[in-house]
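Each remark here refers to the structure printed beneath this line.
What follows draws every value from the coordinates through simple rules; no lab data is involved. Please read all numbers here as calculations on a predicted model, not as lab measurements. Every residue, glycine as well, gets a Cβ built from its backbone with ideal geometry; the counts of neighbours run over all protein chains shown.
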Ligand code: 5CA
Ligand code: ZN
């Protein structure tokens, strides 16, 4: 599928130090390159939207976070391979389409287009590989066939609806030196069971070898879309295998960063990694990076709760995208936080004060501030620290020279994606 328009990213003299990010799998900060290969190619997979209610501030915050990873790598002279999926066939999308009387394909297409427009407005660099679940089915079928052949996947007898042919992953049989249950999330079994039930899993399904075993292939049901799955029978793909296959098909193994919101740690990223290790005996990614949840009025912002602040609505109301992006950058990516109108008003004031001060920036001020922004960003994406540094510069009395204005404007754009 096509993504969205590539923004111009200015090349700025100097370069960012090696980016360190917090790795959920190890619980430590981790360099995203070794010191002797600081400019090695980098690669990233970020889980994309399920297109039925795009793009709320939670989505925006997550994609802008990984855009900062992307920009920091580019600034340090690395080339970046970036893939993202679209979960364009899955239960919640089909349920929403059914409830609103819209064809699921039309709903997905409309929401993906809205998402593209929002990403473009927010100055997010697009992935080179933007792949829908539907597009990935021909890649996925042989992978699941192979798991069946190795007895790491199995067919479950018909459930209450009488349909035969659902295929599950054998979690415990699949453990090996590249992956064990908990390798990514480090959760205990009780926590896993809670999240599994909450986030699309079916611990109660009769006939599974273990309650946590995730679905790989769902046999065709009356009224649901389905595809020819060769030896798997007719059906549609499970969620984790879809991302696992798209990532492995389009990126090197292991790739540098696997990204998404913290709601994807378990089961989604745990099992995406498990599926890769089961097939290929290697780790899926080097670093698992997760963003905090954005909420509204005391609750996590989510499509199912309906407490959404949509990027498109704010844009339609005339809010400048750069101010929205400045709100997102004002919160550290690993903290949970709540969207408020006050945060937006503050960001609008900050952007105005930065713009005004830019007009009188010396070369020396520009290089000093850029160094500071670079070191904040390399330290686990400390964007709030970078914005505070910009505030401090803006609060200094205006100088008489403006020979640093262009450099600083371009640097703030290249590193933070803020177009002043
Ligand atoms: N399609 C799957 C991933 S394969 C999915 O989770 N889609 S989503 O539309 O629900 O979310 C898209 C991305 O936004 C995911 O990375 C998710 O973790 C993140 N996200 C969703 N809600 C929030 C939120 N309230 N705050 C921060 N990030 C969020
Ligand atoms: Zn995913």
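Extent of the stretch 227-351 along its three principal axes (Cα atoms, max minus min coordinate, largest first): 57, 32, 25 Å.
Of all DSSP beta bridges in the chain, what percent run antiparallel (nearest 5)? Restricted to the chain, the bridges split so that about 45 percent are antiparallel. Would the stretch 20-130 count as rounded, prolate or oblate if I go by the C-alpha gyration tensor, calling it rounded below 1.5 in a/c and otherwise prolate when a/b exceeds b/c, oblate otherwise? It is prolate, given that a/c is not under 1.5 and a/b is the larger ratio. For the chain, the longest principal axis of the Cα atoms and the long axis of helix 383-395 meet at an angle of about 10 degrees.
Per-residue ellipticity at 222 nm computed for the chain from its helices equals -12500 deg cm²/dmol, with DSSP H segments shorter than 4 residues left out and the rest contributing -39,500 (n - 2.57).
Compute the FRET efficiency between residue 338 and residue 391 as 1/(1 + (r/R0)^6), taking r as their Cβ-Cβ distance and R0 = 30 Å, and round to the nearest 0.05. According to the calculation, E is roughly 0.85.
If you average the sequence gap of Cα pairs under 8 Å that are 6 or more apart and divide by the length of the stretch 269-326, what percent do you get for the contact order?
Result for the stretch 269-326 is 14 percent.
The mean sequence distance of close C-alpha pairs (under 8 Å, at least 6 residues apart), as a share of the length of the chain, puts its relative contact order at 21 percent. As a rough guide to protection, the peptides 141-149, 235-243 ranked by mean Cβ packing within 10 Å, highest first, stand as 235-243, 141-149.
How far is helix 104-121 tilted, in degrees, relative to the longest principal axis of the Cα atoms in the chain, given as a value from 0 to 90 rounded to the nearest 10? The angle comes out at about 20 degrees. Among 151, 53, 391, the order by Cβ neighbours within 10 angstrom, fewest to most, reads 151, 391, 53. Computed over the stretch 299-420, the quotient of the alpha carbon radius of gyration and 2.2 N^0.38 Å is 1.14.
Put in line by how crowded their Cβ is, counting other Cβ atoms within 10 Å and starting with the fewest, 300, 180 read 180, 300. Highest average first, the peptides 317-326, 394-403, 374-383 ordered by how many other beta carbon atoms sit within 10 Å of their residues are 374-383, 317-326, 394-403. When every Cα-Cα distance of the chain is counted in 20 angstrom steps from zero, the calculated P(r) takes the values 26, 55, 17, 2 percent.
Can you give me the angle between helix 341-358 and the longest principal axis of the chain, using Cα atoms only, in degrees from 0 to 90, rounded to the nearest 10? Helix 341-358 sits roughly 40 degrees off the main axis of the chain.
Counted over the stretch 216-297, the DSSP beta bridges are approximately 40% antiparallel. Extension gain, residue 163-residue 299: 0.36 nm per intervening residue step, less the Cα-Cα distance, totals 45.2 nm. Residue exposure proxy: 305, 344, 19, ordered by other Cβ atoms within 10 angstrom of their Cβ from fewest to most, comes out as 305, 344, 19.
Across 55, 287, 26, mean-square fluctuation computed from a Gaussian network of the chain (C-alpha pairs under 10 Å connected) peaks at 26.
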